[in-house]
Amino acid sequence: MSSVGTAARPATEAPRTDGGGRRGPAAPSRKLLWFALPALAFYGFAVVVPTLRGGALAFTDWDGLSPDYNVVGFDNFARIFSSDSSLEALTMTLIFAFAITVLQNAVGLLLAVGLHTGLKTRNVLRVVFFAPVVITPVVVAYLWKFMLTPDGAVNGLLAAVGLGALRQSWLGDPTWAAVSVVMIVVWQHAGYSMVIYLAGLQSISPEVIEAAAVDGAGAWRRFWSVTWPLLATATTINVMLTLIGGFKMFTEVYVLTGGGPGGATETLSTLLYKSAFQFDQFGYGIALALVLAVIVAVFSVAQYRLSNRQAVS
Amino acid sequence: MFRYTKGVFAREVVMLLAALVFVLPVYILVNLSLRPANDASSPLRPVTAPTFSNYVAAWEQAGLAGALLNSAIVTGVSVVLIVVISSMAAYPLARITSKLSSTVFWLVLAGMLIPFQVALIPLYQTMRDVGLLGSLWALVILYAGMQVPFSIFLYTGFLRTIPREYEEAASIDGAGALRTFRSVIFPLLRPVTGTVVILNAITVWNDFLVPLLYLSGTARQTVTVALYAFVGQYVSNWPIVFAGLVISILPVLVVYFLLQRRIISGFAGGLKG
């Protein structure tokens, strides 16, 4: 079960026993809230204050260096939704996130179902499939960048197995560069989705599946009618993780393609980095970040409500 | 109950082939890093005359010794700080049922939704103004702030499953709040502390964007940024680059293989609190 909802529920149902001079099987005194102050100080300094300031600076033309700036209202946002480069980055961000979500969940689910029962090599394979998740993304990006060069290992391998016709200038072609980014991200994180699906599969009692088998349902039918609906929670968690991760993705694109060729793989994350730190347009960069923040927030809330509804029904 | 049938065997073979897709790139990585510069054969062919000269070159030219040390310091200090402040904060937030307490809790959780890119740019200016730009402390402070919501979320979820009788016993014995926390609560939190340590350590060690921004232009680098600068210089000499990559992921992989069961369940369970 997803306890994202359960764990996060404030403990309002517990009887209030603090205050009023009563002691005993009680909540600790309210004074104990000072325990939270150190964490709140770091959180406030590094997240809350800069986020609020960012929200305000998005409406200015600040260059990040000079002490002065002008309030420009919604100009930065108007520019985002009128210029080709930012609209393409916005589209690419959505395409990347959705493509990664679909593919990574499909691969993760296949791996999990494949591993779930009976294999002698189950534990070894689980460790192997998960290993890329902990490897530094910069390293993964460089490794694949080398393998995808025109005379790299991927083309070499294709030629060796008689598929030489499929050889590409992977990162030199706009479409294939985008495909490569998606494949690499999926390669790195599929093991994460797999682990969550495996946990979901383990929570399904074998009797349910057996009952369906006794009723004459074939393997395919058993999966779609019994197993898949019971994996709803795992799927929700996975979709949420991959979507948000996909929206925020920076390192993979920045290292692998730098947003190229010709801006074909530029996302909001890489564009906002470049705007702020290479083109000295802090205000515009923060406006881009805010657009990204809104997208992430909308999808997170939608997912959260969806998963809560599932948990209730 | 479960028999090893032909079907299962076929599935096992398919899964082993799938594993090749995951193993092959890593094999190529290691294979190439051991290869002399003049060896231009296919990256798939096992190296015939392995050499460690690439490792020596990468170690010296990428400044990896200093970078590894910096990454270790940043990761270690950040994780300890995150564990201390998050577990402390979670204690009253999980136990006190007042309105103030639950408001604070939800405000902290909201932080999990905010993409940190919004804060990244204004914070850059603040760090510059207080003179922390280029210092490892900037990273530590930033990671502590950024990782607090998720860590508090994990700790409070776990704390609510712990009965209060333990603390009561301690308070009857006359222990103050801080001592009760230190000697009774914190030890009980050990399982979730493990999860918090693992998830945060991997996040911090692997992070690229934050050190790229906050340390750029200084001699102080973490591993990821050192690699980025190094590859920029040696992009045509892949064996040396790959040796550098291997060195940088070795600590992570060693820890991963030693603690794989714990790490995988940390990732899978991290969400469930």
Among B:Ile247, B:Ile240, which comes first, second and so on when ranked by fewest other beta-carbon atoms within 10 Å? B:Ile247, B:Ile240
Given 10 Å bins starting at zero, what is the percent of C-alpha pairs of segment A:33-107 in each, up to the one with the largest pair distance? 15, 23, 28, 24, 9, 0
Reachable aspartates and glutamates from A:Lys145, criterion Cα separation under 18 angstrom, eight or more residues apart if same chain: A:Asp173, A:Glu252, A:Glu266
Using Cα-only point scatterers and the Debye equation, what is log10 of I(q)/I(0) for chain B at each q in 0.07, 0.08, 0.10 Å⁻¹, rounded to two decimals? -0.38, -0.48, -0.71
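Viscosity 1.567 mPa s, temperature 4 °C: Stokes-Einstein D of segment A:186-313 from its Kirkwood Cα radius, in µm² per second? Write out the running numbers ahead of the final one.
Details: Rh = 17.6 Å.
D = 74 µm²/s.
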Enumerate the amide H contacts of A:Thr60 below 5 Å, restricted to partners 5 or more residues apart or on another chain; note that Pro and chain-start residues carry no placed amide H. A:Val72
Identify all aspartates and glutamates with a Cα-Cα distance to B:Lys99 below 18 Å; exclude those on the same chain that are fewer than 8 residues away in sequence. A:Glu13, A:Asp18
Row for segment A:103-200, column shape: gyration tensor on C-alpha, a ≥ b ≥ c, rounded if a/c < 1.5 i.e. under 1.5, prolate if a/b over b/c, else oblate; value prolate
Under Stokes-Einstein, the protein assembly as shown at 4 °C and 1.567 mPa s, with its Kirkwood radius over C-alpha pairs, diffuses with a coefficient in µm²/s of 50
Segment A:206-252 and segment B:67-87: distance between their alpha carbon centers, rounded to Å: 36
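Using the Kirkwood radius over Cα pairs, work out the Stokes-Einstein diffusion coefficient for segment B:54-149 at 4 °C and 1.567 mPa s, in µm²/s as a whole number. Please list the in-between numbers first.
Details: Rh = 15.9 Å.
The estimated diffusion coefficient comes to 82 µm²/s.
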Where does chain A land on Rg/Rh, using Cα atoms and the Kirkwood Rh? 1.05
Taking A:Phe247, A:Phe277 and counting other C-beta atoms within 10 Å, the order from fewest to most: A:Phe277, A:Phe247
For B:Lys6, go through the lysines and keep the ones whose alpha-carbon is under 21 Å away, minus same-chain ones fewer than eight residues off. A:Lys120
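Give me Rg/Rg_expected for segment A:245-292, where Rg uses Cα atoms only and Rg_expected = 2.2 N^0.38 Å with N residues.
Numbers: Rg = 10.2 Å, N = 48, 2.2 N^0.38 = 9.6 Å.
Normalised by 2.2 N^0.38 Å, the Cα Rg of segment A:245-292 equals 1.06.
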When all alpha-carbon pairs of segment B:129-256 are counted, what percent fall beyond 19 Å? 64
Taking the beta-carbon count within 10 Å as an exposure proxy, list A:His116, A:His189 from fewest neighbours to most. A:His116, A:His189
With segment B:211-255 reduced to its Cα atoms and the Debye formula applied, log10 I(q)/I(0) at q = 0.28 1/Å amounts to -0.99
Förster-model FRET efficiency, 25 Å R0, A:Trp228 and A:Thr117, C-beta, rounded to 0.05: 0.95
Dimensions (Å) - segment B:184-262, Cα atoms, principal axes, largest first: 55, 29, 15
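Write down the Kirkwood hydrodynamic radius of segment B:57-216, to one decimal in angstroms, obtained as one divided by the mean of 1/r over all alpha carbon pairs. Intermediate results must be reported in sequence, preceding the final value.
Working: mean 1/r = 0.0573 Å⁻¹.
One decimal place: 17.5 Å for the Kirkwood radius.
Each value in this text was obtained by applying a stated rule to the coordinates, not by laboratory testing. Owing to the predicted nature of the structure, the values given are computational and were not obtained by experimental measurement. Virtual Cβ from ideal backbone geometry, glycine too; neighbours counted across all protein chains shown.
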